[in-house]
Amino acid sequence: MIDYCRFDELLTDDERAAGERAREFVDRDVRPIIAGYYERGEFPRHLIPQLIEIGTHPRYRGLSQSPVARGLVCQELERGDSALRSFASVQSSLSMFAIDSCGSREQRERYLPAMANGEIIGCFALTEPGHGSDPAGMETTAERRADGYVLRGHKRWATNATIAGVAIIWAKCDGAVRGFLVEAGTPGFEVKPIHQKMSLRVSMSAEILLNDCRIPAENALPGATGLVSALKCLNEARFDIVWGSLGAGMDGFEAALAYAGRRTQFGRPIAGFQLTQSKLVDMYSELTKARLLALRLGRLKEEGRLHYSQVSLGKRNSVRTALDVCRTARTIFGAAGVTDDCPAMRHASNLESVLTYEGTEEIHTLIVGQDITGLDAFR
Ligand code: TGC
């Protein structure tokens, strides 16, 4: 993308390299096929090994990576499709992070290496049909027994659940929210794919039914001691979205700019008309500001100074920006914008989900509102 702020100069060599590697993968292996997968509502499973390699946080392979490099990887994956970044976020930033931050040493040793190489896919089940924005009201329970726990409840919108080998289930035990590991195949654990989606069609979204699902005592995550443990996992995925959604917006902008240069009406390229230029400049300007905010938040995260309300500010701003950009990009394509010749409509449809999941735009507004006023407006 044209770079007025010399954004690249604000990155380290390692950060640039991480982003470029993800971008090459998307250009080579995703772009040529993704529209077909979207139309069929299917996940490109053959890409999972590369998605695991590129999209899993290198710390799980004993390597370090700056939050900005992580952000750039998310940005590039979401240039391809929001579902690819979602896959990576759920595996790494939600499921592996939950086990890493809340698990015992045995749990970390059993799951993290296998998840880092893709032998085990994870999913993260917090949301329920009746409890989205207010997970504290969850109805899923874990009843303590002499030899373990019995889980009962209904979870919804768990990405990757249909192929997951392990699910992180959040449930109330003696009134407090706790986290549990449930392996696929455990009696009473049932996964039902959700097919009727107009958005994130490439994602494997599912419901999870827990019918007297018995798990051993050692499957409880010892460090998951309240809802705040789950919210800390969400911060990681929300940070991925701060960057990822801008990748979708950048792809929409670049596609519209290229199209405006080659599409001729009234005898000249539409890029030469004032209204088109106004749209392009607005899109570019908003993306530039949002990228600079994302970068600053990444640097604060690197320094250990990123508060969750700042992540909310970024998630809210990036997704809204990307959604507006993609909708406007679609208008530049005119009627062609509603076909799969134009990625902007697919991105915009996906971003409708991204606007809502991992905390709705409204919830993020209230999180920032609470932080700047000191007053809680949730209830
Ligand atoms: P509240 O009273 O506001 O706070 C309780 C304590 O938690 C702290 N806290 C956080 N800490 C770290 N990170 C966060 N993000 C935190 N948010 C709150 C807070 O400071 C407080 O600490 P203390 O020490 O003062 O006690 O708690 P609340 O229950 O009223 O929560 C409020 C609210 C609305 C912010 C929270 O419930 C929320 O974030 N709701 C949105 C939930 C959400 O994002 N759900 C989407 C999940 S995505 C999904 O389920 C699908 S999985 C992904 C996939 O598969 O695609």
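The values are calculated or read from the model by the stated rules, or taken from the named source; none is laboratory data. None of the values given here were measured: they were computed from a predicted structure. We place every Cβ from the backbone using ideal geometry, glycine too, and count neighbours over all the protein chains shown. We work out accessible area using only protein heavy atoms, side chains counted, and drop any ligands, DNA or RNA first. Shrake-Rupley method; radii C 1.70, N 1.55, O 1.52, S 1.80 Å.
Quick one: which helices (runs of 4 or more DSSP H) lie wholly within region 298-379 and hold at least 2 residues that are in contact (Cβ under 8 Å) with a residue 60 or more places away in the chain and crowded, with 19+ Cβ neighbours inside 10 Å?
Values: elements: 308-332, 343-356, 361-373.
Qualifying helices (runs of 4 or more DSSP H): 308-332, 343-356.
Going by the structure shown, is GLU207 more than 10 Å from the ligand (Cβ to nearest atom), over 20 Å from GLY175 (Cα atoms), of a type outside the set (A, V, I, L, M, F, W, C) and open to solvent by 10 Å² or more (accessible area, probe 1.4 Å)? Even if it seems obvious, please write down each step before you answer.
On the way: more than 10 Å from the ligand (Cβ to nearest atom): yes; over 20 Å from GLY175 (Cα atoms): yes; of a type outside the set (A, V, I, L, M, F, W, C): yes; open to solvent by 10 Å² or more (accessible area, probe 1.4 Å): yes.
Answer is yes for this residue.
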Among the numbered criteria (1) of a type outside the set (Val, Ile, Thr); (2) away from the ligand (no atom under 12 Å from the Cβ); (3) closer than 17 Å to LEU227 by Cβ; (4) open to solvent by 20 Å² or more (accessible area, probe 1.4 Å), which single criterion is violated by GLY132? (2)
Sole residue being open to solvent by 50 Å² or more (accessible area, probe 1.4 Å), of a type in the set (Ser, Thr, Tyr) and more than 27 Å from ALA88 (Cα to Cα), chosen from SER285, SER278: SER278
All but one of (1) modelled with pLDDT of 95 or more; (2) away from the ligand (no atom under 11 Å from the Cβ) hold for THR339, so report the exception by its number. (1)
Of those in region 290-328 that are more than 16 Å from the ligand (Cβ to nearest atom) and of a type in the set (S, T, N, Q), the residue farthest from ASP341 (Cα to Cα) is ASN317
Quick check, is PHE180 open to solvent by less than 30 Å² (accessible area, probe 1.4 Å), under 18 Å from MET138 (Cα atoms), among the aromatic types (Phe, Trp, Tyr) and touching a residue at least 12 places away in the same chain (Cβ under 8 Å)? yes
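Determine which member of the set LEU209, LEU200, LEU234, LEU181 is at pLDDT 95 or above, in a loop (DSSP other than H, G, I, E, B) and of a type in the set (A, V, I, L, M, F, W, C). Before the answer, list the steps.
Details: LEU209 fails: in a loop (DSSP other than H, G, I, E, B); LEU234 fails: in a loop (DSSP other than H, G, I, E, B); LEU181 fails: in a loop (DSSP other than H, G, I, E, B).
Step by step, each of LEU209, LEU200, LEU234, LEU181 is checked, and only LEU200 is at pLDDT 95 or above, in a loop (DSSP other than H, G, I, E, B) and of a type in the set (A, V, I, L, M, F, W, C).
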Kindly indicate the residue of region 139-157 that is within 21 Å of GLY223 (Cβ to Cβ) and either free of Cβ contacts under 8 Å to residues at least 24 places away in the same chain or buried (at least 21 other Cβ atoms within 10 Å of the Cβ) (or both) and also farthest from the ligand (Cβ to nearest atom) among those meeting that condition. TYR149
